[in-house]
Amino acid sequence: MKQLDFKNELNKEQYEVVTSGKGPHLVLAGAGSGKTRTLTYRAAWLLGQGVPPEKVLLLTFTNKAANEMIERVRALLAVKKNDKLPLWAGTFHSVANRLLRIYGKEIGIRPDFTILDSDDSDKLLKTISKEFFSNISEKNKPAPALFRETISFANNSKISIAESLEYKFPEWLSLLEYFEKIAAEYQRRKKLSNVLDFDDLLLYWKMMTEHPDVAKILQKKWDYVLVDEYQDTNTIQAEIVFNLSRGHNNILAVGDDAQSIYSFRAADIKNILEFPTKFDNCQIHKLETNYRSTPEILKLANQIISHNGNQFIKNLKAVKGAYVRPELVALRSNVEEAWFVADRIDQLLDSGTEPKKIAVLFRAAHLSQSLEMELNKKGIAYEMRGGLRFFERAHVKDVLAYLKVLGNVRDEVAWLRILEMYEGIGPVTAQQIYQEIISQGEIENLLAAKIELAAKAGSSWDKIMSLLGKLVKDKQQNVGGLLNIIINDYGEYLAEKYPDYKQREDDLDQLVIFASDYESLDLFLHEISLQETFSGRHSQQDSRDSIILSTVHQAKGLEWDAVFVIGMTDQAFPHPLCVRQEQREEERRLFYVAVTRAEKNLYLTYPLSMFRYDGHKSLKPSPFILDVDSNLFQHNELSRSVTYASADGVEYVSDPDCQDSGDGFLPDVSDW
């Protein structure tokens, strides 16, 4: 193996971690501090000290991370391509899979088990729920995904089904008895079929670490355990790590409590905060040298996170030289915010910044809608991370289908989309109905016609005709009003079909706001068709030619030259439902993650109002902005009279009589 000069290839903080001796170590790795490099060199150092590769276990949260680390270790040690490096490395789930096939029989698991993915689990749960809800219509029972997510959260958090249901989907608590019975039957069926889901892999691995015989084998199997992203572990994963390590106590966990943002997936920040008390004589290391961001960005990040009480104190220090302060921009509305961001992106592209080095981040996906309109208008290609473009989302397409048949009663695709949402209407019946629609010719004739259908299908068709009748009656009101009629009817279906229906409701609210500018249904449908065309065109483009749009959750671990964080209002960031102290602190950590994605240019924007179908809603800046020293920002000095184009193509002029706060027409945050 190649001999490495660790001292010269690492900074002082990293070197201390890499060459630390035996015993428990907690490495608090700040954003951009070379966490992966440190963990990789630690593995290489252990092997260089004579530790056999098979005696080292490296646990990660993605297979990509595990593979990259193994390849880096091979490169560092100059291990030939065809030579084996039997390091145990992988995700918690992949390592569990390997171990269960070797030792699972000791706890009653056959080695030839198969693994259910989420779709497989949903199919099994759907079959089971039909048996328990035989007297209840499809529309009045939860979707299989709701059962799966409730069961999964309970397993990973080590709480009851009742506690999980109350936390995840409290609106379904009246059906708690059914959830508990279905969970028990789901477990029985899996056992009978010799199948495991992803949660079972962890649960049975933990069970093996507690089995008198297997536990001894596993504790001796590895001499060193390394864990990446420890702040993202759930209760079961933390217990597995503890049980594996208590024989030798050689555990090194790397993570950053300031980037713990996945409690909705059952990640528990207590695991990293309580690590030093869980492992006796634990050494705490801090990686605070940041190689990513400018000093100005890091000053802001440090001050943001300083307002959290439950944390390890860290102070990120920049390697890069001084640059410009982050830019804080208040805009009159969400439409103007979209215009500003799209225009500034255009300027960055013109100045030579590569598209792939620009990102726009937001707390929730619905906040991207106005910006998507502007980017499409300017012909700026974008890639949506962690989700679909606004007009590609299923629930948006569902409600738009009603407007499409209102505008063109012969639209087969729109009709089939509507019909498949209703109970008792399958593909054959849908085609039968569509042929009748064609024969009627006009929508008024269709409303008056009587179509002979089976009982369930007939009842569903009556509901469709009732809704369509309301739309025809109110066709003269603006498009936002028509959408409200549809959404009031669609809401029940949305809640039953999608576990994340609340976020989808936010999308639909944004759709109503966008549509309320249109008095003409034809003009609106034309605009939508253009947006759908843009989506199809952009999806074919090379991602290197696209800027990135992403939720902050999806952006963790990534970095860009220029980052825009939009929608920084009191109604969006923190999320309005996050009211408890621990929730607010996680939201602040999420903001910290967003800010530390930026390398050079950081823009924080917030609208002072939101266009709504019933007028304007006034907004204030996020309290997270108000918490920090305003001198850390450069306040954008725009002209007092600014002409900009909204998504509907109409030009607006900002009020030239707006009172000035000293920084152009925009108010200083201190005014709040």
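Observations on the model:
- Flag not set for Gly407, criterion: free of Cβ contacts under 8 Å to residues at least 40 places away in the same chain, surrounded by fewer than 19 Cβ atoms within 10 Å (Cβ to Cβ) and over 23 Å from Arg504 (Cα atoms).
- The set of residues from the range 570-583 being of a type outside the set (A, V, I, L, M) and touching a helix residue (DSSP H, G or I) at 6+ places or on another chain (Cβ under 9 Å) comprises Asp570, Phe573, Pro574, His575, Cys578, Glu582, Gln583.
- Only one entry in Asp197, Asp223, Asp228 is on the phi < 0 side of the Ramachandran plot, of a type in the set (D, E, K, R) and in contact with a strand residue (DSSP E or B) (Cβ under 6 Å, 6 or more places away or on another chain), namely Asp228.
- For the range 233-258, a tally of residues being open to solvent by 20 Å² or more (accessible area, probe 1.4 Å) and either in contact with a Lys or Arg (Cβ under 7 Å, 6 or more places away or on another chain) or modelled with pLDDT of 95 or more (or both) returns 4.
- In this structure, Pro623 does not satisfy being touching a Leu at 6+ places or on another chain (Cβ under 9 Å), at pLDDT 90 or above and not polar (S, T, N, Q).
- Count of residues meeting criterion [open to solvent by 30 Å² or more (accessible area, probe 1.4 Å), assigned to a loop (DSSP other than H, G, I, E, B) and among the polar types (S, T, N, Q)] in the range 284-307: 1
- Residue selected from the range 552-583 under the condition of a type in the set (Asp, Glu) and closer than 29 Å to Lys617 by Cα, by the criterion surrounded by the most Cβ atoms within 10 Å (Cβ to Cβ): Asp570
- Qualifying residue in the range 155-172 (condition: part of a helix (DSSP H, G or I), over 28 Å from the mean Cα position of the chain (by Cα) and surrounded by fewer than 19 Cβ atoms within 10 Å (Cβ to Cβ)): no
- The residues listed here are Gly469, Gly441; of these, the one that is modelled with pLDDT of 85 or more and out of contact with any Asp or Glu (no Cβ under 9 Å at 6 or more places or on another chain) is Gly469.
- Cβ-Cβ under 8 Å pairs, at least 6 apart or on other chains, the range 1-15 side over 21 Å from Pro53 (Cβ atoms), far side in a loop (DSSP other than H, G, I, E, B) and modelled with pLDDT of 85 or more: Asn11/Gly34; Glu13/Ser33; Glu13/Glu288; Gln14/Gly34
- For the range 53-68, a residue qualifies if it is open to solvent by 20 Å² or more (accessible area, probe 1.4 Å) and touching a residue at least 24 places away in the same chain (Cβ under 8 Å), and the qualifying residues are Pro53, Glu54, Lys55, Phe61, Thr62, Asn63, Ala65, Glu68.
- The residue of the range 213-237 that is farthest from Phe275 (Cα to Cα), among those that are in a helix (DSSP H, G or I) and among the hydroxyl-bearing types (Ser, Thr, Tyr), is Thr235.
- Candidate set from the range 84-119 (those that are modelled with pLDDT under 85 and part of a helix (DSSP H, G or I)); member that is surrounded by the most Cβ atoms within 10 Å (Cβ to Cβ): Ser118
- Verdict on Arg42 being open to solvent by 40 Å² or more (accessible area, probe 1.4 Å), under 13 Å from Val254 (Cα atoms) and assigned to a helix (DSSP H, G or I): no
- Sub-7 Å Cβ pairs linking a first residue in the range 550-568 that is under 17 Å from Phe390 (Cβ atoms) to a second residue that is among the acidic types (Asp, Glu) and open to solvent by less than 30 Å² (accessible area, probe 1.4 Å), at least 6 apart or interchain, are Ile566/Glu337, ordered by first then second residue.
- Candidates Ile547, Ile528, filtered to the one that is open to solvent by less than 60 Å² (accessible area, probe 1.4 Å), modelled with pLDDT under 90 and among the β-branched types (Val, Ile, Thr): Ile528
- Residue within the range 572-591 that is at pLDDT 95 or above and among the aliphatic types (A, V, I, L, M) present: yes
- Qualifying residues in the range 355-385 (those that are closer than 17 Å to Val595 by Cα and among the basic types (Lys, Arg)) - the one most open to solvent (accessible area, probe 1.4 Å): Lys357
- Taking the listed residues Ala145, Ala183, the one that is touching a Pro at 6+ places or on another chain (Cβ under 8 Å), buried (at least 18 other Cβ atoms within 10 Å of the Cβ) and in contact (Cβ under 8 Å) with a residue 12 or more places away in the chain is Ala145, with no other qualifying.
- Looking only at residues in the range 331-354 that are open to solvent by less than 10 Å² (accessible area, probe 1.4 Å) and of a type in the set (A, V, I, L, M), the one that is nearest to Pro607 (Cα to Cα) is Leu331.
- Selection of the range 1-38 for residues being modelled with pLDDT under 90, of a type in the set (D, E, K, R) and not in a helix (DSSP H, G or I) yields Lys2, Asp5.
- Here Asn281 passes the criteria (1) more than 26 Å from the chain's Cα centre (by Cα); (2) in a strand (DSSP E or B) except the one numbered (2).
- Residue match in the range 204-213 (condition: within 24 Å of Ala267 (Cβ to Cβ), touching a strand residue (DSSP E or B) at 6+ places or on another chain (Cβ under 9 Å) and modelled with pLDDT of 90 or more): yes
The values are calculated or read from the model by the stated rules, or taken from the named source; none is laboratory data. Source: prediction; values computed, not measured. Counting neighbours? That spans all protein chains shown, and the Cβs are built from the backbone with ideal geometry, glycine included. These accessible areas exclude ligands, DNA and RNA; they are computed on the full protein's heavy atoms, side chains included. Shrake-Rupley method; radii C 1.70, N 1.55, O 1.52, S 1.80 Å.
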